[in-house]
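Notes to accompany the following structure.
The values are calculated or read from the model by the stated rules, or taken from the named source; none is laboratory data. As the structure is a computational prediction, the values presented were derived from the model and not from experiment. Heads up, the Cβs are rebuilt from the backbone with ideal geometry, glycines too, and the neighbour counts pull from every protein chain shown.
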Amino acid sequence: MFAIERHPVSDSVRAQALVNNEQYQQLYQRSINDPDGFWREQAASLDWFAPWHTLTESNFQEGQAAWFIGGKLNVTHNCIDRHLATRADQVAIIWEGDDPHESAHITYRQLHDKVCRLANALKARGVEKGHRVCIYMPMVPEAAYAMLACARIGAIHSVVFGGFSPDALRDRILDADCTCVITADEGLRGAKRIPLKNNVDQALKDCPNVHTTLVVQRTEGDIAWHAERDIWYHDAVRAMPSNCPAEPMDSEDPLFILYTSGSTGTPKGVLHTTGGYLLGASLTFKYVFDYKDGEIYWCTADVGWITGHSYIVYGPLANGATTLMFEGVPNYPDTSRFWQVIDKHQVNIFYTAPTAIRALMRDGEAPVKKTSRASLRLLGSVGEPINPEAWEWYYHVVGDTRCPIVDTWWQTETGAIMISPLPGATDLKPGSATRPFFGVQPVLLDEQGQEIDGAGSGVLAIKASWPSQIRSVYGDHQRLIDTYFSAYPGYYFTGDGARRDEDGYYWITGRVDDVLNVSGHRIGTAEVESALVLHDAVAEAAVVGYPHDVKGQGIYAYVTPMAGIEPSAALEDELRQLVSKEIGSFAKPDLLQWAPALPKTRSGKIMRRILRKIACNELDNLGDTSTLADEGVVNSLIDARHNR
Ligand code: WTA
């Protein structure tokens with residue numbers, strides 16, 4: 001077992017930090033005991049067009065949450081306009097291209113101009129407040145402009161990660177009834193071209209309500225053109241006025257929808273609103289990254305995920321920060337790329353996912369050590385549990401034993417970081433997300449739904465509403481209640497398990513539901529299963545996760561062929577392609593086992609617990625098998641298992 005060493009806050013870090021431990025304790029207590037006072041002070045960090053009158057009205061039974069009620073504001077006024085008086089010429093976005101010779105710097109003044117022009121172009125195409133706009137983009141600055149342009153006029157954006165297939169894109173466009181899509185001709189990642197516009201064309205065959213596609217010219221690759229619908233982005237913005245008033249939005253007006261996977265059914269459109277979300281993203285950015293004016297901050301996520309929304313775009317820009325957007329991948333042109341980018345742009349704060357760290361660790365220290373990284377001050381981790389080995393490597397090799405690591409736990413649904421160290425306040429323990437952020441009340445629940453006191457393990461739930469909480473599942477509010485507020489009445493159920501130690505630190509152990517976390521991508525086992533059974537040769541499929549050295553979790557699929565079908569490598573390949581087509585290639589099974597039958601209870605329920613154990617190669621303790629209809633099935637699956 002890897003010994004876990006405590007890393008106390010160093011004197012030099014504490015001396016420069018926004019808050020020390022005592023201040024954290026005081027602020028935290030105040031946020032719980034006097035929420036009105038605490039949030040009134042914090043909300044004053046945003047510019048409001050009209051003040052709010054009621055802090056919050058929330059009701060977990062009905063899945064209702066509202067914050068800063070009556071307030072009016074605009075997200076882009078807060079992220080752009082209000083900075084112009086003091087930092088118009090400061091760089092807002094540094095863009096680093098896939099090709100190391102390509103980069104760009106966009107100042108706040110330029111950002112204002114770009115966002116206003118695009119907002120006017122959207123209006124000219126009939127996009128209005130409340131309309132839904134789909135953004136399917138590579139990591140180029142236009143992706144951020146697109147999000148902000150929607151927010152400027154009150155349109156609701158739905159960003160779909162560029163790795164999703166045309167079918168997955170279509171389903172998301174239809175679910176939100178988007179009328180406009182913003183995309184690019186192609187994306188570029190590791191010198192490979194991603195056919196985004198072609199994917200959009202395919203998706204839109206079934207989306208009659210989309211009247212406009214704005215196309216950013218990124219590669220000048222060959223694409224099809226539909227004149228009645230397609231417009232080049234650069235043509236659309238060219239003649240537009242460079243000023244567009246920021247629409248006054250109600251605190252509770254929707255800002256965006258972002259689809260995420262759950263344990264059942266199709267992905268859910270997580271709905272976030274304006275005031276609470278922006279304050280959550282802004283405040284956590286300020287405290288967790290302890291951001292100082294003038295610093296360069298880099299989050300390696302994609303804008304297609306919540307991390308990109310809150311910590312590439314909204315959180316940093318609300319703070320007037322300089323945020324770096326990276327188009328490429330960690331191993332192109334070589335595995336030094338991250339560290340070269342840090343040196344090139346003198347990055348001070350670096351926020352990435354454990355999966356990237358584990359992948360880079362495999363190449364050893366040399367690619368890291370040939371770079372300086374002297375600009376780094378703080379490191380961050382997000383998206384999955386970070387194993388202590390990866391943590392120590394990140395700390396010692398990447399950070400030269402100088403930079404604290406903030407291991408931030410949160411979710412698409414929470415909108416902002418919920419549990420995390422604060423650099424000047426929290427002694428670190430590798431693998432622990434440590435303590436709750438202001439206003440967040442985590443609890444551990446036992447199997448009966450009772451709160452566990454002191455040290456212990458259980459299901460992680462949240463006891464009271466917080467400003468950036470999910471407001472609804474788009475178009476299906478009942479699903480919100482069923483998914484998050486029914487299993488443990490009176491609590492928000494996170495889907496994660498956790499342990500709390502004697503210092504009150506939280507250790508997230510991973511999902512307790514049927515959601516996988518593969519390289520930081522959330523994937524529902526049900527989604528992969530639905531894709532597999534679409535194939536004529538497949539009778540039944542069950543998908544589970546297993547520990548994977550680099551990805552965190554790998555995807556293990558058990559597939560029962562139709563009677564008379566002979567399993568083959570070619571068929572296996574077809575099934576992987578099918579998952580790729582239905583969802584995206586990141587969801588392809590890593591291991592696929594042909595299963596003449598699946599273990600079931602006498603009432604016909606698949607015993608996933610047993611399948612999980614076989615996939616994880618944990619055969620000593622298969623648990624209770626007495627309810628199995630046919631015990632022989634399990635033995636035959638064990639004999640043919642892949643992950644020995
Ligand atoms: C997992 C990503 C352990 C967790 C921001 C959660 C983590 C899911 C951490 C949400 C962390 C995220 N330690 N696990 N620091 N951060 N997770 O919605 O299982 O893409 O429920 O949001 O990622 O994934 P999502």
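Inspect the stretch 363-376 for any residue being within 16 Å of the ligand (Cβ to nearest atom) and β-branched (Val, Ile, Thr) and give the result as yes or no. No, the stretch 363-376 has no match at all. Of the strands (runs of 3 or more DSSP E) lying entirely inside the stretch 453-561, those carrying at least 3 residues that are within 30 Å of SER251 (Cβ to Cβ) and in contact (Cβ under 8 Å) with a residue 40 or more places away in the chain are 492-500. Within the stretch 236-264, the residues that satisfy the criterion of being closer than 18 Å to TRP67 by Cβ and not small (Gly, Ala, Ser) are PRO248, MET249, ASP250, GLU252, ASP253, PRO254, LEU255, PHE256.
Report whether or not SER103 is under 30 Å from GLN340 (Cα atoms), surrounded by fewer than 18 Cβ atoms within 10 Å (Cβ to Cβ) and either of a type in the set (Val, Ile, Thr) or in contact with a strand residue (DSSP E or B) (Cβ under 6 Å, 6 or more places away or on another chain) (or both). Before you say what the answer is, go through the steps one by one.
Values: under 30 Å from GLN340 (Cα atoms): yes; surrounded by fewer than 18 Cβ atoms within 10 Å (Cβ to Cβ): yes; either of a type in the set (Val, Ile, Thr) or in contact with a strand residue (DSSP E or B) (Cβ under 6 Å, 6 or more places away or on another chain) (or both): yes.
So SER103 fits the description; yes.
Quick check: anything in the stretch 592-599 within 27 Å of ILE194 (Cβ to Cβ), surrounded by 17 or more Cβ atoms within 10 Å (Cβ to Cβ) and hydrophobic (A, V, I, L, M, F, W, C)? Yes: one or more hits. Within the option set SER282, SER310, SER261, being in the same structural domain as CYS134 (by the TED database), within 14 Å of the ligand (Cβ to nearest atom) and under 30 Å from ALA88 (Cα atoms) holds for one residue only, SER310.
Within the stretch 6-22, residues that are under 29 Å from GLU389 (Cβ atoms) have Cβ atoms under 6 Å from residues that are modelled with pLDDT of 95 or more and outside any loop (DSSP other than H, G, I, E, B) in these pairs: HIS7/LEU428, counting only partners at least 6 apart in sequence or on another chain.
Are there strands (runs of 3 or more DSSP E) fully within the stretch 146-209 with at least 1 residues that are of a type outside the set (S, T, N, Q), surrounded by fewer than 19 Cβ atoms within 10 Å (Cβ to Cβ) and touching a residue at least 60 places away in the same chain (Cβ under 8 Å)? List them.
It comes to 187-189.
Conditions tested, residue by residue: (1) of a type in the set (D, E, K, R); (2) under 22 Å from the mean Cα position of the chain (by Cα).
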position	(1), (2)
TYR484	no, yes
ALA498	no, yes
THR509	no, yes
ASP514	yes, yes
SER519	no, yes
THR525	no, yes
ALA537	no, no
GLY552	no, yes
THR560	no, no
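Restricting PHE326, PHE285 to those that are farther than 16 Å from VAL473 by Cβ, aromatic (Phe, Trp, Tyr) and touching a Gly at 6+ places or on another chain (Cβ under 7 Å) reduces the list to PHE285.
Only one of these conditions is not met by VAL398: (1) farther than 30 Å from TYR259 by Cβ; (2) within 9 Å of the ligand (Cβ to nearest atom). Which number is it? So VAL398 meets the others, but not (2).
Rundown of residues vs (1) touching a Ser or Thr at 6+ places or on another chain (Cβ under 6 Å); (2) closer than 20 Å to TYR311 by Cβ, yes/no style:
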| position | (1), (2) |
| --- | --- |
| ASP407 | yes, yes |
| GLY424 | no, yes |
| ASP446 | no, no |
| GLN450 | no, no |
| ASP453 | no, no |
| LEU460 | yes, no |
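The set of residues in the stretch 348-359 that are touching a helix residue (DSSP H, G or I) at 6+ places or on another chain (Cβ under 7 Å) and free of Cβ contacts under 8 Å to residues at least 60 places away in the same chain comprises PHE350, ILE357. Restricting SER58, SER12 to residues that are within 27 Å of the chain's Cα centre (by Cα) and either over 18 Å from THR284 (Cα atoms) or surrounded by 15 or more Cβ atoms within 10 Å (Cβ to Cβ) (or both) narrows the list to SER58. From the list GLY304, GLY275, GLY328, the lone residue that is farther than 16 Å from ILE156 by Cα and in the same structural domain as TRP52 (by the TED database) is GLY328. LEU460 meets all of the listed conditions (1) within 12 Å of the ligand (Cβ to nearest atom); (2) more than 28 Å from ALA66 (Cβ to Cβ) but one, namely (2).
Kindly check whether there is at least one residue in the stretch 326-335 that is closer than 19 Å to VAL406 by Cα and buried (at least 21 other Cβ atoms within 10 Å of the Cβ). Outline the logic, then answer.
Initial filter on the stretch 326-335 (closer than 19 Å to VAL406 by Cα): none.
No, the stretch 326-335 contains no residue that is closer than 19 Å to VAL406 by Cα and buried (at least 21 other Cβ atoms within 10 Å of the Cβ).
Among the residues making up the stretch 449-468, a single one is among the hydroxyl-bearing types (Ser, Thr, Tyr) and either more than 24 Å from ASN59 (Cβ to Cβ) or out of contact with any strand residue (DSSP E or B) (no Cβ under 9 Å at 6 or more places or on another chain) (or both): SER457. Selection of the stretch 76-96 for residues being part of a loop (DSSP other than H, G, I, E, B) and touching a Leu at 6+ places or on another chain (Cβ under 8 Å) yields only ILE80. Taking the stated definitions as given, is ALA356 of a type in the set (Gly, Ala, Ser), in contact with a Gly (Cβ under 9 Å, 6 or more places away or on another chain), assigned to a loop (DSSP other than H, G, I, E, B) and within 16 Å of the ligand (Cβ to nearest atom)? In short, no. Cβ-Cβ distances below 6 Å connect the following pairs, each with a first residue in the stretch 366-388 that is free of Cβ contacts under 8 Å to residues at least 40 places away in the same chain, a second residue that is within 13 Å of the ligand (Cβ to nearest atom) and among the acidic types (Asp, Glu), and a separation of six or more residues or different chains: SER381/ASP407.
Tell me, which helices (runs of 4 or more DSSP H) wholly within the stretch 1-75 include 2 or more residues that are at positive phi and of a type in the set (D, E, K, R)? Break it down into steps so the answer makes sense when it comes.
Details: elements: 11-16, 21-33, 35-43.
Answer list for the stretch 1-75: none.
Could you please find all residues in the stretch 376-423 being part of a loop (DSSP other than H, G, I, E, B), among the aliphatic types (A, V, I, L, M) and surrounded by fewer than 23 Cβ atoms within 10 Å (Cβ to Cβ)?
Correct list: LEU376 only.
Figure legend. Inter-residue proximity from the stretch 403-426: first residues within 24 Å of SER158 (Cα to Cα), second residues acidic (Asp, Glu), beta-carbon distance below 9 Å, spacing 6+ or different chains. Indicated pairs: TRP409/ASP496; GLN411/ASP496.
Each row is one residue, and each column tells you yes or no for (1) acidic (Asp, Glu); (2) part of a helix (DSSP H, G or I).
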{"position": "GLU574", "(1), (2)": "yes, yes"}
{"position": "ARG609", "(1), (2)": "no, yes"}
{"position": "ASP620", "(1), (2)": "yes, no"}
{"position": "ASP624", "(1), (2)": "yes, no"}
{"position": "ARG641", "(1), (2)": "no, no"}
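When you scan the stretch 412-445, how many residues do you find that are small (Gly, Ala, Ser), within 12 Å of the ligand (Cβ to nearest atom) and farther than 20 Å from GLN469 by Cα?
Restricting attention to the stretch 412-445, the residues satisfying the condition of being small (Gly, Ala, Ser) are 415-416, 420, 424-425, 431-433, 439.
Remaining after also requiring within 12 Å of the ligand (Cβ to nearest atom): 415-416, 420, 431-433.
Of the ones still in play, those that are also farther than 20 Å from GLN469 by Cα are 431-432.
Final tally of qualifying residues: 2.
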